[in-house]
Amino acid sequence: MGRRILLSTALIGAATLAPVSPAPAANPTPETRQQQYAAAAAEYGVPESVLLAVSYLESRWDTNAGTPSTGAGYGPMHLTDANYVNSLGEPGHYGPQEDPRGDDSRAPIRAAEPAVKPPAEAALQTLDAAAAVTGSGKEVLRSDTAANIRGGAALLASYQKEIGAPVGAGTDPAAWYGSVARYSGSHSTDSAATFADEVYATIRTGAARTTDDGQRVTLAPRNVAPQKSWLDKLGLRKAARADGVECPKELACEWIPAPYQLLGDGTDPEYYGNHDLSDRPARQKIEYIVIHDTEETYARTLELVQDPAYVSWHYTMRSSDGHTAQHVRTKDVAWQAGNWYINAKSIGIEHEGFARQGTWYTETMYRTSAKLVGYLAKKFDIPLDRQHIIGHDNVPGTVPATVRGMHWDPGPYWDWSHYFDLLKAPFHSTGTPKTGLVTMDPDFASNRPAFWGCQLDDNGNPTSAPCPLRGSSSVILHSAPSQDAPLVKDAGLHENGSPSTMEASDHGARASAGQTYAVADRQGDWTAIWYLGQKAWFYNPASAPVAKWATGFVVTPKPGKATIPVYGRAYPEEAAYPAGAPYQTLSPLQYTLAAGQRYAVGLVAPSEFYKAYTFAGTFPGDWTVIRGKMRYVQIQFGHRIMFVNKDDVDIRPSAASAPS
């Protein structure tokens, strides 16, 4: 998809804000981040707890190396400047086109860009408003942390005055509910209230952390019952939740359906879009939740999912406030993962964001997403682990020809460790150095790989310019225990046998937080894992480990088998298909699993193929699941999950024959 960073929320101009007068005597700029919040709160008469909690919900108090968020927001207070970010240019496509349906037995419904036009959008420009009420320059507000915090405090105070609420650092934080809700930039009362409720929940629980630039900030817990009646003063649209929308009650969700309809002249039952009907989980168990980023703005993403000739996904989440739209019922199959087996057994969630740019995801979107995923996981009995909660970048290609074109979102800057903390399923050690497995878990803030390719040239190709150094979930894998050793190879991404690279989209030598691998070797501060048929080394000193010891099960080829095939889908054997049903060939990928290698087991999967070729199940036998006698084992083979025939492998406890 092409993309522009525009926001669909309402324009907030400086002229609409009540004037704010700072304290007459300005003190020197405070040195610590904590002091900067205290000074800004005192200067503009905002309760410090309110200022800290709003900032935490936007950025967790981080600076993010001065880069914009996925919603074009800068600094700890997420002051938005979409006009400036748009002036930097359009990044363009982020990868080759996938087969939209993820089924190589059918031609793609559409390979070209959809013919819909971007909607008219009003850019949320809170940075302009902050400049007007503080007198600070725009560049200063984008780049200077203390100025950015002052700008956020000034906006809150201005919103408070505009609705006639009390202002002053000594005022009751409960009276700031309306201004906090407005800070979200939401159009509707439900979304604004969701943001404000999360802010006040943060005030009640408190928070403390060290920011990405080494500043320790603390918000002491305080029992505050917000005065929610102030929300009515904002004049926002009152939204009513549609019947049947599948979201937890505390989230602001709406129903914006993806179309299911015939295409062309309507006479060809095989030419339809943009999803398939089913009856899950009665017809087929839902095993996965797939995390995506949109590579588009929220408004443009909604345009795309409503195009019957494009693809579909189940949910879209907005960056600024976590507002959620559902498009496909969870019982039905969205065309979202580029792999029909995964599509048929998963729910896809798109998050407003851009994988290549190095932009950051807002805390409010992380939190609302975690609530949605937690709700869905409980409803469908999906384990909260990285074998079942996967990124689009963890979905395997279906056959060798599709491996290179698989998408790689949400990318290396998605904070998986924090996400699972929010899911209340944190990564933790379950083993010892002798139990044979490791779960990746680098410190996100300090783990800053030197990626390149976040900028594209005029032809849409990545340039060699370095990406901003920023936190990442990715652990870089080398071919030998040395930082100077080449990166490991990925035969699916680099057909000429060359090593992988540090280009942002090249995940051929990366493990990600939460993924569990079988240990292959250890030398000093280095640990090797089995990865795509080879030993892959990562720096893992005991003083600052990037992985946790784990225990579980591994697969290894049965005795007598030198190598076994690896698959991108768990389809049945030919004998399982009834007469007239096209056989889905068991096509191994270009990788092999050799004797002596071990790979971590994710789950044991039945062989299944959901036959859904025609609109409304026109042909006999459509809307049925073909099941075979074969069973597969899902393994963590590389950055992506893959499958092996259960009859080809022995499943053993990871500690058995683990390297010493």
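Things worth noting here:
- Dipole moment magnitude, nearest 20 debye, the stretch 463-619 about Cα centre, only Lys, Arg, Asp, Glu C-beta charged: 320 debye
- Helix 363-380 and the longest principal axis of the C-alpha atoms of the chain enclose an angle of approximately 40°.
- Taking 4.7 Å between beta carbons as the limit, the chain has no unpaired Cys residues.
- Ranking L141, L302 from most to least accessible surface, computed with a 1.4 Å probe over the protein chains only, gives L302, L141.
- For the chain, the normalised intensity computed at q = 0.10, 0.11 Å⁻¹ comes to -0.93, -1.10 (log10 of I(q)/I(0), Debye sum over alpha carbons, equal scatterers, no solvent).
- Computed with a 1.4 Å probe over protein heavy atoms only, the accessible surface of the stretch 420-484 comes to 50 Å² per residue.
- Judged by the mean number of other Cβ atoms found within 10 Å, the most tightly packed of the peptides 497-504, 77-84 leads the ranking 77-84, 497-504.
- Only Lys, Arg (+1) and Asp, Glu (-1) charged, at Cβ; the stretch 484-567 dipole about Cα centre in debye: 440 debye
- Counting only Cβ charges, +1 for Lys and Arg and -1 for Asp and Glu, the dipole size of the stretch 123-231 around its Cα centre is about 220 debye.
- Rounded to the nearest 10 square angstrom, Y567 shows an accessible area of 30 square angstrom against a 1.4 Å probe.
- Here the alpha carbons of the stretch 44-90 define both size measures, Rg and Dmax, at 12.2, 40 Å.
- Carbon/sulfur fraction of accessible area - the chain, other protein chains in place, 1.4 Å, %: 52 percent
- Accessible surface for H494 stands near 40 Å², nearest 10, in the context of the full protein assembly shown (1.4 Å probe).
- Residue-level accessible surface for C247, protein heavy atoms, 1.4 Å, Å²: 10 Å²
- Average accessible area per residue (Å²) across the stretch 488-575 - probe 1.4 Å, nucleic acids and ligands excluded: 36 Å²
- Across the stretch 293-413, Cα-Cα pairs more than 19 Å apart make up 48 percent of the total.
- In order along the stretch 404-411, the Karplus-derived 3J(HN,Hα) couplings, from 6.51 cos²θ - 1.76 cosθ + 1.60 at θ = phi - 60°, round to 5, x, 5, 6, 10, 7, x, x Hz, and Gly and Pro are given as x.
- The C-alpha atoms of the chain define a longest principal axis, and helix 145-162 lies at about 70 degrees to it.
- Based on protein heavy atoms only, the stretch 156-254 ends up with 43 Å² per residue of surface accessible to a 1.4 Å probe.
- Selection from A536, C467, S505 lying farthest towards where the dipole of the stretch 438-539 points positive, charges on Cβ: A536
- Rounded tilt (10° steps) of 33-44 against the dominant C-alpha axis of the chain: 40 degrees
The values are calculated or read from the model by the stated rules, or taken from the named source; none is laboratory data. Treat the numbers as computed from the prediction; the structure is a model and nothing was measured. In this analysis, Cβ positions are derived from the backbone assuming ideal geometry, glycine residues included, and neighbour counts consider all displayed protein chains. Side chains included, ligands, DNA and RNA excluded: accessible areas come from the protein's heavy atoms. Shrake-Rupley method; radii C 1.70, N 1.55, O 1.52, S 1.80 Å.
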